[in-house]
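The values are calculated or read from the model by the stated rules, or taken from the named source; none is laboratory data. In this text the structure is predicted, and so the values were computed from the model without any measurement. No Cβ is skipped: glycine too gets one built from the backbone with ideal geometry, and neighbour counts run over all protein chains shown. With ligands, DNA and RNA removed, areas are computed over all heavy atoms of the protein, side chains included. Shrake-Rupley method; radii C 1.70, N 1.55, O 1.52, S 1.80 Å.
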Amino acid sequence: MPSKLNSELPCKGINCTILENISDGVFTVDHKWLITSFNRAAEQITGIPRKQAIGRPCWEVFHSSICESECALRHTMNTSRPVVGKTCYIVDAQGRRTPISVSTALLRNAQGKVIGGVETFRDLSVLEGLRLKLKGGYDMGELISHSPAMKKVLELTPAVAETSSTVLIQGETGTGKELVAKAIHVLHRGRDAPFVAVNCAALPDTLLESELFGYKAGAFTGAQKNKPGRFAQAKGGTLFLDEIGDMSLSLQTKLLRVLQEKCYEPLGAFQSEKTDARIIAATNKDLEQLVELNAFRQDLFYRVNVVRIDLPPLRHRKEDIPFLAGQFVERFNRLLNKKIVGVDGQVLSLFIAYDWPGNIRELENVIERAFVLCRDGEIQRSHLPRELLLKEQRTMETPNLNTAKQALEAGNISRVLKQTQNNISQAAKLLGMHRSTLYRKIKQLGL
Amino acid sequence: MKLAICTWNELVAPVFDVSESVMIVNISSGKLKTRKREDISGLDHLARIRRLSDLGVKTLICGAISRPWHDIITAWDIQVISYVSGPVKQILSALLSDNMDLQKFRMPGCPHSIQTHNLEVIARVAQAKQEKSNSVKKGTARK
């Protein structure tokens, strides 16, 4: 019986010492998928003591994303072929997902008879953290969303990245416009190409012009040597023009020329310089309205609005709040070397009930602040900023699981109704519910 | 009371996040009334949760579950009994038995929270049983 095996050590002799001192997790199973050995690293990665693991079916201990449908060990046992470096994730006892790579092989005895299988697995979370740090904290994974409101964005982003078209990203402040721009850039030009971001609202007009186009020595007092502009820096890459709606009309004219002719003149230069930088513009303003008010050039609007991506505010994608909160907790754990487990259920309900005018950035700031106050365990209400709790009090209603559910439901229904222009039958179909149920929910939620 | 159990080969599926099938079980007056399989493989996560909610499921029994999904399901007012493993039949029998003990179906290394969850479910089943016995007593008294 596997449970009667020596559960202190996975084996004996020199091989045992080696097995116990490697950083890869290793476990073996018999023909009934019961674990027969479990090394020290396996204990550490899964968080499950050897004594509890041995004699149990491997899926009860390992709980990986591939156990159910793509088990590597089953594949090896069925085909006698090893699997090398298959990536997946395991969900540990605290509900954390740990990325791992898995390799499997048949286990044979001294006579060459197959007595089971062996699985080795490597914890990729450190590597993943390092990769994120090297990339400045940006990851395509951050664009993953479970909200229907983001579906279009997620579909459009890779499609747009295949072209060289100018892109306009519209969305409220803090919705992640730069993140989408970076995703398009990485998919289109690759990670090594330059991604240059300029905030058009942060600089006065004259400075912005020299910042964008650069200048030649002697162009103005103090210009002692040539300075390349952002267009030159973005050669072969992407120029991200944030807050383009705040650009002056005179500068808009110059930008229009660059977009039309793909060339520009640095200040004080006699010759034009060519640019191949892809332009991605972003704004939190309604550019069409600015055009009507003559505050934005119509021709430039048509030039930048070739492909448009509208980013929904966080209040329209509340389903993503637990994931985003989890991502920020993981990120700050890595950066601040802490071990915060997550967000308390009551805090999460409060997060879902809140409207987040500052969107994802505000959520990130709230969690960063909580990290200062929270030493370990979960982020509690006492770690939240006063403003957030005051707003909660103003509503005269303590957020609970029910309000959180209602907030999610109301957001979802409103969005689908808007999408279908209040066509109840169509909306009910999209929401996967009966018309009468939808009518009842609209009435209940006061929509 | 309606329960949903994530299933895989007649066992509790190891990971809720990627599970493809649930068994919807209706327990009334301490007895198993109906059970039905639901294929959730084609649905995205939120659609799965909405489906469970629409079916009136109040408790979900599953294997390992990542924290965000646990939190979302709870926000939909569905109680989660996670880190459960073993044959579905035995788990149902345990739930309907007198001691209603799910502890032996705990996944190794699983947190103690399962114990709290269990107590709540046990309380619900026990309440249902109590209601049944009360109604039986009333019936006998009338006779």
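Can you give the angle from 0 to 90° between the axis of helix A:401-419 and the longest principal axis of chain A, with both taken from C-alpha atoms, to the nearest 10?
50
Please list, in chain and number order, the residues 5+ apart from residue B:60 or on another chain whose amide H is under 5 Å from its amide H, with Hs placed from the backbone.
B:4, B:79, B:80, B:81
Run the dipole for chain A about the Cα centre, Lys and Arg Cβ at +1, Asp and Glu Cβ at -1, nothing else charged, and hand back the magnitude in debye, nearest 20.
The dipole magnitude comes to about 880 debye.
Can you give me the solvent accessible area of residue A:440 with a 1.4 Å probe, rounded to the nearest 10 Å²?
My reading of the accessible area for residue A:440 is about 120 Å².
How many angstrom lie between the Cα centre of the stretch B:1-27 and the Cα centre of the stretch A:39-110?
22
How much accessible area does residue A:316 have with a 1.4 Å probe, in Å² rounded to the nearest 10?
80
Sorted by accessible area (1.4 Å probe), largest first, how do A:302, B:83 line up?
A:302, B:83
Please work out the Cα center distance from the stretch A:196-272 to the stretch B:28-94, rounded to the nearest Å.
Rounded to whole Å, the Cα centres lie 58 Å apart.
Please compute, for the alpha-carbon atoms of chain A, the extent along each of the three principal axes and give them in descending order in Å.
If we take the Cα atoms of chain A, the spans are 83, 61, 44 Å.
Name the long-range amide H neighbours of residue A:309: under 5 Å, sequence gap of 5 or more, or other chain; modelled H, no Pro or chain starts.
The answer is A:168, A:169, A:170.
To the nearest µm²/s, what D does Stokes-Einstein give for the stretch A:2-123 at 10 °C and 1.306 mPa s, using the Kirkwood radius over alpha carbon pairs as Rh?
This corresponds to a translational diffusion coefficient of 111 µm²/s.
Over chain A, what percent of the accessible surface lies on carbon and sulfur atoms, probe 1.4 Å?
51
I'd like the interface area for chains A and B: accessible area of each alone minus the complex, both sides summed, 1.4 Å probe, protein heavy atoms only. What is it in Å² to the nearest 100?
3200
Do you know the Lys pair count in the stretch A:2-123 for C-alpha distances under 24 Å, with sequence separation 8 or more or different chains?
Count of close lysine pairs: 10.
Let me check something: with ligands and nucleic acids excluded, how do B:1, A:247 order by accessible area (1.4 Å probe), largest to smallest?
B:1, A:247
Using only Cα atoms and rounding to the nearest 10 degrees, what angle (0 to 90) does helix A:435-445 make with the longest principal axis of chain A?
In chain A, helix A:435-445 runs at an angle near 70 degrees to the longest axis.
What accessible area per residue, rounded to a whole number of Å², is obtained for chain A using a probe radius of 1.4 Å?
51
Could you give the length gained on full extension between residue A:207 and residue A:294, defined as 0.36 nm per residue of separation minus the Cα-Cα distance, in nm?
29.0 nm
At a Förster radius of 41 Å, what calculated FRET efficiency corresponds to the Cβ-Cβ distance of residue B:32 and residue A:79, to the nearest 0.05?
The calculated FRET efficiency here is 0.55.
Can you work out D for the stretch A:134-310 in µm² s⁻¹ from Stokes-Einstein, where Rh is the Kirkwood radius over C-alpha pairs, the temperature is 25 °C and the viscosity is 0.890 mPa s?
Once the numbers are plugged in, D ends up at 146 µm²/s.
What per residue convex hull volume, in Å³, comes out for the stretch B:1-56 when only alpha-carbon positions are used?
Spelled out: Cα convex hull of the stretch B:1-56, divided by residues, is 76 Å³.
Report, in degrees rounded to the nearest 10, the 0 to 90 angle that the Cα long axis of helix A:125-134 makes with the longest principal axis of chain A.
Compared with the principal axis, the helix lies near 20 degrees.
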